[in-house]
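Undergrad: Before we start, here is the structure in question, set down as structure tokens.
What follows is calculated from the coordinates using simple rules that are stated; it is not laboratory data. Everything quoted here is computed from the prediction, not taken from an experiment. In this analysis, Cβ positions are derived from the backbone assuming ideal geometry, glycine residues included, and neighbour counts consider all displayed protein chains.
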Amino acid sequence: MEVKAPMVGKILRISVNVGDKIEEGDEVVVLEAMKMEMPIPSPASGTVKEIKVKEGDNVETDQVLVVLE
């Protein structure tokens, strides 16, 4: 399962670490888009396997942010 960016923006904060167990709806990252902070929720429960971005990164729509297993 992958958590993807819903729109172009900048990563303000990463709210999880590799190995964290998260539930569906938990905040994974906070994205700044159009001068607004948008928390990005997990689409499913699972364990964080990989974080593909870092704070300050600019991301594109549908770019993979976090991989869950």
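Undergrad: Give, as a single signed number, the net charge of other residues whose beta carbon lies under 15 Å from the beta carbon of Leu68, with Lys and Arg counted +1 and Asp and Glu -1.
TA: -4
Undergrad: For segment 22-35, just list the computed ³J(HN,Hα) in residue order, Karplus coefficients 6.51, -1.76 and 1.60, θ = phi - 60°, integers in Hz, with x standing in for Gly and Pro.
TA: 10, 9, 3, x, 5, 5, 9, 9, 10, 10, 9, 9, 6, 6
Undergrad: If each Cα of the chain is one equal point scatterer, what is log10 of I(q)/I(0) from the Debye formula at q = 0.27 Å⁻¹?
TA: -1.24
Undergrad: Ser45 to Met1: extension gain in nm, 0.36 nm per residue of separation minus the Cα-Cα distance?
TA: Working it through step by step, the gained length comes to 14.9 nm.
Undergrad: Net charge near Glu50: determine it from the other residues with C-beta under 14 Å of the C-beta of Glu50, scoring Lys and Arg +1 and Asp and Glu -1.
TA: Residues near Glu50 contribute +1 overall.
Undergrad: Amide H to amide H under 5 Å from Gln63: which residues, 5+ apart in sequence or cross-chain, H placed 1.01 Å off N in plane?
TA: For Gln63, the qualifying residues are Ala5.
Undergrad: Between beta-carbons, use under 12 Å as the cut-off and find the net charge around Gly19, counting Lys and Arg +1, Asp and Glu -1.
TA: -1
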